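Please treat every number below as a calculation from the coordinates, not as lab data. The shown structure was predicted, so the numbers you read here are calculated from the model rather than taken from an experiment. Neighbour counts are summed over all protein chains in view; Cβ atoms, including those assigned to glycine, are modelled from backbone coordinates with ideal geometry.
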Amino acid sequence: MSQTNIAAQLLPYLDRITHGDCIAVLAELPSACVDLVVTDPPYLVGYRERNGRPVGNDDNDAWLLPAFRAVARVMKPHSLCASFYGWPHADRFLSVWKECGLRPVSHLVWLKSYNCRAGYTHTRHETGYLLAKGRPPLPEDPPPDVLPWSYTGNRTHPTQKPVAALLPLIRAYSRPGDIVLDPFAGSGSTGFAAHSCGRRFILIEKEAWHCENVSRRIEHRQ
Ligand SMILES: C[S@@+](CC[C@H](N)C(=O)[O-])C[C@H]1O[C@@H](n2cnc3c(N)ncnc32)[C@H](O)[C@@H]1O
């Protein structure tokens, strides 16, 4: 497929959020069309919002393999995917990523300055993997693998990630004008981070009310 045809096919998805299951939506996109993936899938821990409503797909892993297969297909050859994951199920995430041809090339930790849960320890960090499709070139200025975090208050999503926590990755692993994909977009943090440093974005989210919130926020910024 020519670059012009790819661009035309992507246009309806660019710089907006698409409502739907990412497995189905990604199937509509051409292969090898995104430059970078920054995403935050359900952690498989049965998380519930403050009002008791479950976070979509956090209670099962039926989606995990087909979703990351779809993600790997749309990634350009020799590109990267940065993905948060739920550490209690690190084995499931890693085995799926490897099955999809996504190779761990770094482990990421975001340090919190506050305790968010007390169990055997006080939880004060988030984790992610940097995954490579093929052999992406090394960045000119690699970010540290321990990154800063700021409290979002989870005002627009129960597991909202701070935009600033994603920026070092987007800046290091993509260039202005590149396309950054988040197939589990929630409140759209990846899209707002991508936009703030001059990248295009594709967001997909299966819950309609999150999509409506993100669309409203995108409109207000235009
Ligand atoms: C951990 S949250 C992402 C939060 C986001 N990073 C933020 O900052 O707001 C995961 C999101 O993925 C969505 N989701 C789960 N399964 C999905 C699927 N198959 N396709 C699209 N979205 C999905 C959930 O509804 C949830 O909003």
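Just a few scattered comments:
- Modelled FRET efficiency - R0 25 Å, Glu140 with Ser196, Cβ distances, 0.05 increments: 0.80
- Per-pair calculated FRET efficiency, R0 = 25 Å: Ala62 and Lys98 via Cβ, rounded to 0.05: 0.85
- Computed E for Ala32/Tyr151 - FRET, C-beta separation, R0 45 angstrom, nearest 0.05: 0.75
- Label-to-label distance, nm, for residues given as Thr127 and Ser2 (7 Å Cα→Cβ offset): 4.8
- Full extension of the chain segment joining Trp209 with Asp15 gains 68.0 nm, where the gain is 0.36 nm per residue of separation less the Cα-Cα distance.
- The stretch 8-92: C-alpha pair distances exceeding 17 Å, %: 54
- Dipole-positive endmost among Pro148, Ser187, Ala62 within the chain (Cβ charges, Cα centre): Pro148
- The chain - charge dipole about Cα centre, Lys and Arg +1 at Cβ, Asp and Glu -1, debye rounded to 20: 260
- If you count Lys pairs in the chain whose Cα atoms are under 22 Å apart, skipping same-chain pairs closer than 8 places in sequence, the total is 5.
- Placing unit charges on the Cβ atoms of the charged side chains and taking the dipole of the stretch 13-221 about its Cα centre, the candidate lying farthest along the positive direction among His78, Gly46, Ala165 is Ala165.
- Between Arg221 and Ser113, the modelled labels are 2.4 nm apart [label points 7 Å from Cα along Cα→Cβ].
- The antiparallel fraction among DSSP beta bridges confined to the chain stands at about 50%.
- Karplus (6.51, -1.76, 1.60) ³J(HN,Hα), θ = phi - 60°, over the stretch 31-44, in Hz, Gly and Pro reported as x: 5, 6, 10, 10, 8, 7, 10, 10, 8, 9, x, x, 8, 6
- DSSP loop chymotrypsin sites (Phe, Trp or Tyr not before Pro) with at most 13 other Cβ within 10 Å: longest gap in the chain: 1-113
- Computed from the alpha carbon positions, the gyration tensor of the chain leads to an equivalent ellipsoid with semi-axes of 25, 20, 18 Å, biggest first.
- In order along the stretch 50-58, the phi-based Karplus estimate (6.51 cos²θ - 1.76 cosθ + 1.60, θ = phi - 60°) of 3J(HN,Hα) comes to 4, 7, x, 6, x, 6, x, 6, 7 Hz; Gly and Pro are listed as x.
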